[in-house]
Amino acid sequence: MITEILNVSGDNLSDICERARRIWTDGGLVAFPTETVYGLGANGLDGTASARIYAAKNRPSDNPLILHIGRKEDLRPLVSFVPDSAEKLMDAFWPGPLTIILPKSEAVPKETSGGLMTVAVRMPSHPVANALLKAAGIPIAAPSANLSGRPSPTKAAHVIEDMNGRIDAIVDGGDVGIGLESTIVDLSQETPVLLRPGFITREMLSRVLGDIDVDPAITADAIIGHRKISGAPKAPGMKYRHYAPKAPLTIVYGDPLKVAEKISLRADEKTVILAPKEHTELYTRGQVLVLGALAEPESIAHELFDVLRACDAAGADRIYSEDFTSVDFGGAIMNRLLKAAGGNYINVKDL
Ligand code: TXA
Ligand code: MG
C-alpha cells in the first residue's frame, strides 16, 4: 500500500480534511496530529475499519481504542448515560488532553471497545485534529500511531518510520505540543478512577471532582515491582511492555553528581545517557542525549518519546537515564520512562 503524506501548509487544510473524510468513510486509516501524540484513525462506528487499526499496529485486539470527537455534543450517542462528573470534566478540560470512560451505547462496535462494555472518548484541542474530526462527522477511533510496543509518535517522521506502507495516509501537522498521551479517567463506576497519568494531573482532576481513586497498577511502585502487583491494570493497554528502545534501559536515582560520576565510570561509546540540559556537562563518557531541561518540565515530557526513539538510532547497547520523579508532571513522565525501562529503577549506591 502507498501511504499518502498530506502536509498541512498555507490554506490546504480543508482539502486535507475532505481527503481524510473520504478515506475514513471508505473504511481506511489516516494518521493525524493531536496535542498529545499522533493518532492512527479509523471510523470508530465501523468494526471492520477499527479492526484494521489493530492489524496496522500489530496491536492485541483486547486493547480498546479511544473515540475522538470534534464537538462535545458528539459524546451523547456513544454512551448510555452522562453522569455529572463527566459534564464537569468536559466543561473543565475539553477540548484537551483528557479521555473519559463511560458505559458504551450500542452504536459502538466491540472491535472499537476491545470487547468491553465501556468506551473511552476524548475531544482533542489540536486545530488540525479538530478540523479533521468536525469534517469527518463520525467518531474516529485512534490509538497512538506507533507500532505496538514502540514509543508513541510526537512527530510526523515517527509515524512515517512505523506506518509507511501500512496505512492510507498521514496528515503531517508538525510536532505535537504535549508529547505524552492523554490522561484517562474511568467514570463508569461510582468513584472516578485515574487509569493513566498525563498532562492533566490528579490534582487538577480533584479540584473539579473532589477526591478520586488511582488505579494501583499505574503507580511507580507497581511498575517497579511489576511482577508483584495484584490484579491487571484497568486500562488494558497499561499491561503491555511499552515505549522500549532496543537496548536495556536503567533509571538511576540519587544525588545528580554521584549519578553522573558512576554512570560515566561504566560508560563507553555505545552507552547512551538520558539527562536534562542542566546535567549534560557532568558526564565525562558515553553519548549524552539531552532530555529537556529541569527548568522547563514540559520540555522533558515533550522530548521523551523522541529521545527514546533516538537511542536506537544512536546504536546504543546500554542506556542509562536520570530520574525525573520530582519534576512537574513527574508522575506522567516516570510512568512512561519506567515502562520503557521494564521497571529497572536503581539507587546510585547499587550501580
Ligand atoms: O493522547 C491519547 O490518548 C492518544 C491520542 C492519539 O489521542 N491516544 C492513545 O491511544 O494514547 P492508545 O490506544 O495508545 O491508548 C489508549 C489507552 C490504552 O491503554 C487502552 O487500554 C485504554 O486507553 N482504554 C481505551 N478504552 C478503554 C476502556 N473502555 N476501559 C479502560 N481502558 C481503556
Ligand atoms: Mg499507545
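The values are calculated or read from the model by the stated rules, or taken from the named source; none is laboratory data. Remember, it's a predicted structure, so these values are computed and weren't measured experimentally. Virtual Cβ from ideal backbone geometry, glycine too; neighbours counted across all protein chains shown. Protein only, heavy atoms only, side chains kept; ligands, DNA and RNA dropped before computing areas. Shrake-Rupley method; radii C 1.70, N 1.55, O 1.52, S 1.80 Å.
With respect to the conditions (1) within 18 Å of ALA340 (Cβ to Cβ); (2) within 16 Å of ligand 1 (Cβ to nearest atom); (3) modelled with pLDDT under 95, PRO216 falls short on a single one, namely (1). Somewhere in the range 41-63, is a residue under 14 Å from ALA169 (Cβ atoms), surrounded by fewer than 23 Cβ atoms within 10 Å (Cβ to Cβ) and not small (Gly, Ala, Ser)? Checking the range 41-63: at least one residue is under 14 Å from ALA169 (Cβ atoms), surrounded by fewer than 23 Cβ atoms within 10 Å (Cβ to Cβ) and not small (Gly, Ala, Ser). Among residues of the range 309-327 that are farther than 21 Å from VAL259 by Cα, those with a beta-carbon under 6 Å from a residue that is assigned to a strand (DSSP E or B) at least six positions away or on a different chain give the pairs ALA310/LEU289; ALA314/VAL272; ALA314/GLN287. In the range 58-73, the residues that are in contact (Cβ under 8 Å) with a residue 12 or more places away in the chain and of a type in the set (Asp, Glu) form Cβ pairs under 9 Å with partners that are open to solvent by less than 30 Å² (accessible area, probe 1.4 Å) and within 14 Å of ligand 2 (Cβ to nearest atom), at six or more places apart or across chains, as follows: ASP62/GLY114; ASP62/PRO236.
Candidates in the range 144-166 are the residues that are within 10 Å of ligand 2 (Cβ to nearest atom) and of a type in the set (Gly, Ala, Ser); of these, the one that is surrounded by the fewest Cβ atoms within 10 Å (Cβ to Cβ) is GLY149.
Residues checked against (1) charged (D, E, K, R); (2) out of contact with any Leu (no Cβ under 7 Å at 6 or more places or on another chain):
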residue	(1), (2)
ASP26	yes, yes
PHE32	no, no
TYR38	no, yes
LYS57	yes, no
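Of all residues assigned to the range 97-108, at least one qualifies as being of a type in the set (D, E, K, R) and surrounded by 21 or more Cβ atoms within 10 Å (Cβ to Cβ).
Taking the criterion of being at pLDDT 60 or above, within 16 Å of ligand 1 (Cβ to nearest atom) and assigned to a loop (DSSP other than H, G, I, E, B), the only residue of the range 219-231 that qualifies is THR219. One residue stands out in the range 147-180 among those that are within 12 Å of ASP306 (Cα to Cα) and polar (S, T, N, Q): the one that is nearest to ligand 1 (Cβ to nearest atom), namely SER152. No other residue among VAL171, VAL128 is open to solvent by less than 10 Å² (accessible area, probe 1.4 Å) and either away from ligand 2 (no atom under 16 Å from the Cβ) or not in a loop (DSSP other than H, G, I, E, B) (or both) apart from VAL171. The helices (runs of 4 or more DSSP H) found wholly in the range 235-351 and carrying at least 2 residues that are out of contact with any Pro (no Cβ under 6 Å at 6 or more places or on another chain) and under 30 Å from LEU187 (Cα atoms) occupy 297-313, 330-340. Any residue that is closer than 27 Å to GLN189 by Cβ, over 23 Å from the mean Cα position of the chain (by Cα) and at pLDDT 95 or above - is there at least one of those in the range 55-73? Checking the range 55-73: at least one residue is closer than 27 Å to GLN189 by Cβ, over 23 Å from the mean Cα position of the chain (by Cα) and at pLDDT 95 or above. Would you call ILE69 under 24 Å from SER148 (Cα atoms) and within 16 Å of ligand 2 (Cβ to nearest atom)? Against the criterion (under 24 Å from SER148 (Cα atoms) and within 16 Å of ligand 2 (Cβ to nearest atom)), ILE69 does not qualify.
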